[in-house]
Amino acid sequence: MIPKECKRLAEVDFPIAEVSRHAAREKSIRHGHPSTLHLWWARRPLASSRAVLLALLLPDPCDEHCPQSFKEEARALLSEPMSGWRPPGPTDTDLRASMLSFIAYFANWDNSSDQTCLRVGRALVRAAHGEEPPLVVDPFAGGGSIPLEALRLGCEAFASDLNPVACLILKVMLEDIPRHGPKLAEELRRVGAEIKRQAEKQLADLYPKDPDGATPIAYLWARTVRCESPNCGAEIPLARSLWLCKKAKRRRALKHRVMRPAGEAPRVEFEVFEPKSEKDVSGGTVTRAKATCVACGAVLPPVRVQAQLTAQRGGADVAFDTNGRRTGGARMLAVVLLKPGETGRHYRLPTKRDYEAVHTAQAQVAKMLEEWERGGKQGLCPVPDEPLPLMSGTFNVPLYGVNRWGDMFTRRQAVALSAVCDFVRSRQSHAVADLLGCVLGRCADYWSSGVVWAQGGEFVAHTFGRQALPMIFDFAEAVPLTDSSGNLDGAVAWVAAVADKVAPVARQGQVHCADACASPLPDESCSVYFTDPPYYFAVPYADLSDYFFVWLKRAFLPDERFRDSTDPSNPLTPKKLVSRL
């Protein structure tokens with residue numbers, strides 16, 4: 001055991017440049033990386049967490065209090081032939097340099113599951129702390145980078161967070177996956193395939209294939225307002241860009257023309273075409289919330305755009321008359337297709353069948369709400385009705401009438417997410433239940449009216465491109481049942497890939513939903529108290545996490561984990577204790 005007064009490696013010449021390089025590279029590592037399990041904001045890089053923790057746990061061999069037995073064992077461990085770090089020379093200074101070189105080498109994501117690195121890293125910790133592994137505590141665990149790296153190094157890990165969404169992520173990563181191993185990923189894939197079969201039966205009418213066999217993979221929408229210029233009144237589709245695809249050898253865009261039927265307001269119609277250059281494509285109709293009418297050129301100021309969209313509760317849904325004909329609201333600009341036997345994406349204009357599917361989804365939601373009201377509004381509203389806060393610069397959508405979390409989703413998206421909630425709820429006793437919660441979170445991230453169509457890559461991006469919820473005037477609606485981006489299969493595959501990669505950690509951690517100011521652990525109980533606390537209000541973690549929380553609590557009812565234990569009247573994540581931190 002190393003004496004308490006012994007200096008640690010973290011206090012000497014830490015290889016910060018190399019570790020930083022590995023930490024920065026992690027942003028480009030996707031499949032299987034724990035950051036892809038479920039979105040969490042400001043997640044700490046694994047590279048820096050692993051390197052700093054190892055440096056905290058190991059003594060400096062140049063310190064006079066460093067035990068000779070540790071130095072001898074460390075020297076033997078770091079003398080591995082064909083290793084990627086510097087082998088130690090004869091002096092204590094050489095041994096220190098070798099240990100720091102190993103820390104930098106082990107920080108590389110590619111080496112995080114390397115058996116030699118794992119064996120050497122764990123053996124070094126054991127040499128320093130004895131057979132009883134040190135306990136590493138993180139009271140602001142969030143996305144779980146620090147406690148996960150503690151488990152990787154063979155330590156005991158205690159992770160706590162006040163946020164239920166964070167606690168779900170932590171439980172999956174630190175308890176469920178290490179407990180069940182790679183078999184859990186296999187089971188998730190099996191259950192995921194079963195859920196997809198059920199979803200295809202339940203949602204098929206909402207996402208119909210084309211008569212020629214083509215499969216829609218995304219619907220591109222624009223919210224709409226009315227021109228308020230005298231003698232105009234044209235509907236303005238709020239599109240930031242008319243480009244559909246901007247690949248170097250494949251360009252598609254929309255062009256518009258104005259129809260002026262006698263006795264009616266002008267009408268804007270679109271067609272899909274192949275532009276030869278940038279100048280062939282007209283600019284968008286909305287910039288910084290100012291809408292330009294293509295029929296008369298009048299500009300609708302932001303305050304009027306906000307007022308009109310507020311009257312539509314954000315304007316993400318279509319307005320139909322009693323005969324099922326569109327009268328306003330969101331307008332479908334184009335449908336993205338995959339055609340049998342043909343490569344690449346194809347684009348077409350919307351048809352009556354496309355709108356009929358949307359009308360069917362609205363009818364389903366109306367029925368769900370009617371049954372809920374007829375039952376005396378017992379239990380949770382089928383579509384999340386919890387309030388959404390207004391935070392200028394972070395949550396701007398309430399300025400446009402998106403005042404309830406359910407308003408972030410079209411009615412068709414609400415039906416699809418409710419179906420996934422039902423699937424999760426039916427498997428609460430199953431080993432993969434918590435992983436299915438992460439699948440639900442990934443689905444919610446891609447199935448909202450805050451999603452954009454990435455023209456350069458031709459895919460559906462996700463809602464949280466940054467740590468905010470801005471108003472997205474033209475959005476993309478992913479089709480859950482296809483093999484393209486944003487689909488149900490993909491959500492299962494990403495979560496299962498993390499389960500595969502995380503499974504080799506040395507032991508299980510312990511996760512508690514707890515206030516950092518009132519830790520359930522006794523004083524002096526841990527070897528390392530290692531945390532990176534939230535940056536106060538720079539990133540409003542709790543408010544952002546409500547986006548996922550409202551769906552998770554519907555999926556896991558009556559699980560007490562998804563209630564605010566500090567305030568039973570609060571329908572969202574805990575926030576009252578922020579003033580105490």
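Every number in this text was worked out from the coordinates using simple rules, so none of it is lab data. Only a predicted model underlies this, so the values are computations on that prediction, with no experimental measurement involved. Quick reminder, even Gly has a Cβ in these numbers, built from the backbone with ideal geometry, and neighbours come from all protein chains shown.
Some points to look at:
- Efficiency of FRET between Glu342 and Glu131 - r from beta-carbon atoms, R0 51 angstrom, step 0.05: 0.25
- Helical segments meeting 18 Å axial Cα length and Kyte-Doolittle 0.0 threshold in the chain (DSSP H): 92-106, 115-129, 411-425, 433-446, 488-502, 541-555
- Averaging Cα coordinates gives a centre for region 289-322 and one for region 23-39; these two points are 38 Å apart.
- Dipole magnitude of region 224-311, debye to nearest 20 (Cβ charges: Lys/Arg +1, Asp/Glu -1, about Cα centre): 560 debye
- Kirkwood hydrodynamic radius over Cα pairs of region 224-311, then Stokes diffusion coefficient at 25 °C and 0.890 mPa s, in µm²/s: 176 µm²/s
- Distance in nm between pseudo-label sites at Ser525 and Ala17 (7 Å out along the Cβ direction from Cα): 4.3 nm
- Label zone at Arg427, where the point sits 7 Å out along the Cα-to-Cβ direction: region 438-473 residues whose backbone N lies under 12 Å: 438-440
- 5 angstrom amide H check on Leu244, placed H, neighbours 5+ away: Arg252, Ala253, Leu254
- Straightening the chain between Arg466 and Arg240 buys 79.5 nm, computed as 0.36 nm per residue apart minus the Cα-Cα spacing.
- For Asn570, net neighbour charge (Lys/Arg +1, Asp/Glu -1) across residues whose Cβ lies under 15 Å away: -3
- Put the Cα centre of region 336-358 next to the Cα centre of region 425-494 and the gap is 20 Å.
- Once both labels are positioned 7 Å from their Cα atoms along Cα-to-Cβ, the gap between Lys7 and Glu264 label points is 8.3 nm.
- When +1 charges are put on Lys and Arg Cβ atoms and -1 charges on Asp and Glu Cβ atoms, the dipole computed for the chain relative to its Cα centre reaches about 2380 debye.
- Structure-derived Cα extents along the principal axes in Å - corresponding label in (i) 131, 69, 46; (ii) 96, 59, 44; (iii) 72, 66, 46: (ii)
- Phi to ³J(HN,Hα) by Karplus 6.51 cos²θ - 1.76 cosθ + 1.60 over region 475-483, Hz, x for Gly, Pro: 10, 10, 10, 6, 9, x, 9, 9, 9
- Amide N proximity, region 296-312 versus Ser392 label position 7 Å along Cα-to-Cβ, cut-off under 15 Å: 303
- The H on the amide N of Asp60, modeled in the peptide plane, is under 5 Å from the matching H of Lys7, Arg8, Leu9, each at least 5 residues off or on a different chain.
- Arg226 long-range amide H proximity, modeled H, under 5 Å: Ile236
- 3J(HN,Hα) from dihedral phi, region 254-263, Karplus parametrisation 6.51/-1.76/1.60, rounded to Hz, x for glycine, proline: 9, 10, 10, 9, 9, 9, 10, x, 4, x
- Zone residues, region 526-561, relative to Asp567, backbone N less than 17 Å from point 7 Å out along Cα-to-Cβ: 537, 540-547, 549-550
- For the peptides 518-525, 105-112, 145-152, residues were scored by their other Cβ atoms within 10 Å and the scores averaged per peptide; the highest-first order is 145-152, 105-112, 518-525.
- Placing dummy labels 7 Å off each Cα toward the beta-carbon, the span from Thr310 to Leu369 is 2.0 nm.
- Taking 0.36 nm per residue of sequence separation and removing the Cα-Cα distance, the Ser28/Ser282 pair yields an extension gain of 88.1 nm.
- For region 224-311, the relative contact order works out to 30 percent when only alpha carbon pairs closer than 8 Å and six or more residues apart are counted.
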